[in-house]
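See below for the structure under consideration.
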Amino acid sequence: MITFDNVNKRYASGQDALVRISLEVPRGDMVFLTGHSGAGKSTLLRLLTAIERPTKGSILVAGQNLNRLRNSQIPYYRRNLGIVFQNHQLLFDRSVFDNIALPLAVAGCSKREVGRRVRAALDKVGLLDKEKHNPITLSGGEQQRVGIARAVVNKPAILVADEPTGNLDPQLSQEIMQLFSDFNAVGVTVLVASHDLELIARMRRRVLTLQAGQLIYDGVPSREAHPV
Ligand code: ADP
Ligand code: ADP
């Protein structure tokens, strides 16, 4: 589903953010991306979401070579992706419903289809009763659920999250990770960047660890190495 082949990313500043990254994420996998601040996690996700382009190497996603993607094709490419941000980037001048409906309006859905899909997404994140609320009135965990509902409302094949639990306590963080697991269980390929090692260890999934732009670990951490 996702292949990085010898990918380098050097920013205009001269900073090498990623160095010779090769990795594969099969369709239906759930993978955590970890590493200290500055290790290159966000850069890797920005390459995946075609916000940035690699300096060297190639990236294949859902059969598309991102190097060959023209700028005009990027919006279409991104329909394969659901993207969840740490600060969820909700709009506080409209309802929960309208926040989640945004990607559908862009895709040109009928009003009836929008209602059906928004409620299906709200149902999956457990917030059906909050559709008329303004997101500013919701708790941090609920706001992040709205962010996830918005990311999945288009039924993307790939769900990408950058530090989705960065502002949440351990209990809520665990619940959000469980939601990602639930989407993975119905076939969505999930990639979550997080520096919360304890939380990641508890999920017992494949982990990719970056350090100073290099991939230094790719595997499923053993119980012994990460007792929780
Ligand atoms: P992480 O998400 O793991 O904290 P980043 O991908 O944000 O790491 O950053 C990796 C490296 O690239 C860091 O040294 C960071 O300072 C640098 N970097 C990130 N974004 C830019 C940018 N737009 N221009 C120049 N350097 C950047
Ligand atoms: P409908 O088929 O009426 O659109 P749903 O929108 O509830 O019904 O989705 C049908 C099934 O597809 C559900 O089990 C749902 O969990 C699953 N599914 C598959 N891919 C995704 C995705 N990317 N986001 C959300 N649900 C998905």
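FYI, it's all coordinate maths here, none of it is from the lab. All figures in this text were calculated on a predicted structure; none of them were measured in a lab. All Cβ positions, even for glycine, are placed from backbone atoms using ideal geometry, and neighbour counts span all protein chains on display.
List the longest stretch of the chain that has no exposed loop site; here a site is one of the trypsin sites (Lys or Arg not before Pro) assigned by DSSP to anything other than H, G, I, E or B, with at most 16 other Cβ within 10 Å.
So the longest stretch without any such site is 133-203.
Pick out, from 166, 184, 220, the residue whose Cα sits farthest towards the positive end of the charge dipole of the range 165-223, with +1 on the Cβ of Lys and Arg and -1 on the Cβ of Asp and Glu.
220
Tell me, how many Å apart are the Cα centres for the range 176-190 and for the range 112-148?
17
Tell me the Kirkwood radius of the range 75-173: reciprocal of the mean inverse pair distance over distinct alpha-carbon atoms, in Å.
It is 13.5 Å.
Between residue 195 and residue 70, what FRET efficiency follows from the Cβ-Cβ distance if R0 is 35 Å, with the result rounded to 0.05?
Given R0 = 35 Å and the Cβ-Cβ separation, E is 0.55.
From a point 7 Å beyond the Cα of residue 217 in the direction of its Cβ, which residues of the range 173-198 have a backbone N at a distance under 11 Å?
From the range 173-198, the list is 197-198.
Between the helical axis of 170-185 and the dominant principal axis of the chain, each derived from Cα atoms, what acute angle in degrees is found, rounded to the nearest 10?
Taking the Cα atoms of the chain, the angle to 170-185 is about 90 degrees.
Sequence-distant or interchain residues sharing an amide H contact under 5 Å with residue 29, placed H: which?
Long-range HN contacts for residue 29: 190.
Quick one: helix 140-152 against the long Cα principal axis of the chain, what's the angle to the nearest 10°, folded into 0 to 90?
Once rounded, one gets 80 degrees.
For the chain, how big is Rg over Rh, using alpha carbon atoms and the Kirkwood form of Rh?
Dividing the radius of gyration by the Kirkwood radius yields 0.97.
Size of the range 1-59 along its principal axes in angstrom, Cα-based, largest extent first?
36, 24, 19
Considering every Cα-Cα pair within the range 108-228, what fraction, in whole percent, is farther apart than 20 Å?
Above the 20 Å cut-off, the range 108-228 has 49 percent of its Cα pairs.
Which residues in the range 35-60 have a backbone N closer than 11 Å to a point placed 7 Å from the Cα of residue 13 along the Cα-to-Cβ line?
Answer for this model: 38.
When the helix-only estimate is applied to the chain (DSSP H runs of n ≥ 4, each -39,500 (n - 2.57), divided by the residue count), what is the mean residue ellipticity at 222 nm, nearest 500 deg cm²/dmol?
-10000 deg cm²/dmol
What's the extension gain from residue 23 to residue 128 if we count 0.36 nm per residue and subtract their Cα-Cα distance?
Working it through step by step, the gained length comes to 34.0 nm.
Would you mind computing, in nm to one decimal, how far apart the modelled labels at residue 113 and residue 95 are, each placed 7 Å from Cα along Cα→Cβ?
Roughly 2.1 nm, to one decimal.
What number comes out for the charge environment of residue 174, summing +1 per Lys or Arg and -1 per Asp or Glu over other residues with Cβ under 11 Å away?
-3
Using only Cα atoms, tell me the angle between helix 96-107 and the longest principal axis of the chain; keep it within 0 to 90° and round to the nearest 10.
Compared with the principal axis, the helix lies near 70 degrees.
Sequence-distant or interchain residues sharing an amide H contact under 5 Å with residue 55, placed H: which?
Answer set, sorted by chain and number: 8, 9, 10.
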